[in-house]
Amino acid sequence: MGFANFADIILSMIIHKGYENLNLVAPVVTLGIFDGVHLGHRALLDRLVSYARETKGESVVITYTPHPRLVLEQNKGDFSFLTTLDEKKALLEKAEVDHLIIIEFTKEFSRITASDFIRDILVGKIGTKYLLIGYDHHLGRRGEGDFNTIKHCAELNGFRVEQIKGVCSGGEAISSSSIRDALLKGNIDKANMWLGYFYSISGTIIEGRKIGRSLGFPTANILPDYGYKLIPANGVYAVEVLYEGVKYPGMMNIGSNPTVNNDPRDKSIEVNILDFDKDIYGKKISVSFIKWLRGEKKFDSTKQLTEQIRLDMQQVRSLLK
């Protein structure tokens, strides 16, 4: 897998806020949420970019912010997503997309019919010449625009449309929801494989309870930058930490630290950065999940916990040497 950290990518893709005053050359267009920009999305994007080059046009991705579910659904507490908008931009840049159009998603926008959206925006504003859509993509009010509707509108509005097949791995379709499910079950290997890169979380270092320091393993507590960023299953992970452009091996714990804490609701995301002793409170870091080590466990004593942490650290050093 050609894994990369988001911070390694320099953006040259042209980003448009909205669809007014565009001047695109023979645009080849696709659209969607692209949460995770995973290998299924990459198959679509690869076709988009290659066809644009073949026809001497420009590849264009349309996406939306905020996520439509955050606008349309009442109970937002259960939502979590794989990528922030900035991460999405970097991944689309890596796919060599020429233009990214970001449309503000509102309730008013959600009421536009599929036929009106295609006629007025895809054709009227963007000038779409060729549209690629995923195997299960729907657009317009209440998702009424299925492939047959889109194909009919393409014939009326003078552009061509192509539907891309889904990508499967091990008999399962690769999708954002299947990757989210894998992460929530601690199956980081599967999630990383389907993403095509190491899943990561970025955030600010905040002051914690200093339990790790009292055990001889100081940790940095992370407050994620994005409140809806999916946090993987509780447990211990081998991770790679990016701080001020330098990568360090690390050991992350997600959970409530049950050996020294009786409140399971008191959950933290903390990382022990190996061979690192800088004061980074208030600083930004990014953590990439490399390998699941074990689930969270309540030990009979802090001595047993300390012994296990030493074993975990040895495993991390072996994995990330």
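Each row is one residue, and each column tells you yes or no for (1) modelled with pLDDT of 90 or more; (2) crowded, with 19+ Cβ neighbours inside 10 Å.
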{"position": "253", "(1), (2)": "yes, yes"}
{"position": "269", "(1), (2)": "yes, yes"}
{"position": "297", "(1), (2)": "no, no"}
{"position": "301", "(1), (2)": "no, no"}
{"position": "307", "(1), (2)": "yes, no"}
{"position": "314", "(1), (2)": "yes, no"}
{"position": "321", "(1), (2)": "no, no"}
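If the Cβ limit is 8 Å and pairs must be 6+ apart or interchain, which residue in region 112-138 that is touching a residue at least 60 places away in the same chain (Cβ under 8 Å) and more than 20 Å from residue 21 (Cα to Cα) pairs with which residue that is part of a helix (DSSP H, G or I) and hydroxyl-bearing (Ser, Thr, Tyr)?
132/51
For residues that are closer than 21 Å to residue 297 by Cα, part of a strand (DSSP E or B) and either touching a residue at least 40 places away in the same chain (Cβ under 8 Å) or touching a helix residue (DSSP H, G or I) at 6+ places or on another chain (Cβ under 8 Å) (or both), tally how many sit in region 223-253.
Just the residues of region 223-253 that are closer than 21 Å to residue 297 by Cα, to begin with: 231-239, 250-253.
If we keep only those that are part of a strand (DSSP E or B) as well, we get 235-239, 250-253.
Okay, now just the ones that are also either touching a residue at least 40 places away in the same chain (Cβ under 8 Å) or touching a helix residue (DSSP H, G or I) at 6+ places or on another chain (Cβ under 8 Å) (or both), so 235-239, 250-251, 253.
Total meeting the criteria: 8.
Would you check which residues across region 206-233 are surrounded by 18 or more Cβ atoms within 10 Å (Cβ to Cβ) and either assigned by TED's automatic domain parsing to the domain that holds residue 87 or modelled with pLDDT of 95 or more (or both) and list them?
Matches in region 206-233: 222, 230, 232.
Considering only helices (runs of 4 or more DSSP H) fully contained in region 53-119, which possess at least 2 residues that are of a type in the set (Phe, Trp, Tyr) and under 16 Å from residue 139 (Cβ atoms)?
Details: elements: 68-72, 85-94, 107-110.
Helices (runs of 4 or more DSSP H) meeting the threshold: none at all.
If the Cβ limit is 8 Å and pairs must be 6+ apart or interchain, which residue in region 156-183 that is assigned by TED's automatic domain parsing to the domain that holds residue 130 and part of a strand (DSSP E or B) pairs with which residue that is basic (Lys, Arg) and surrounded by fewer than 19 Cβ atoms within 10 Å (Cβ to Cβ)?
Every condition considered, the pairs that remain are 161/151; 162/47.
The values are calculated or read from the model by the stated rules, or taken from the named source; none is laboratory data. Computed from a predicted model, the values in this text were never measured in an experiment. Cβ: placed from backbone, ideal geometry, glycine included. Neighbour counts: every protein chain shown.
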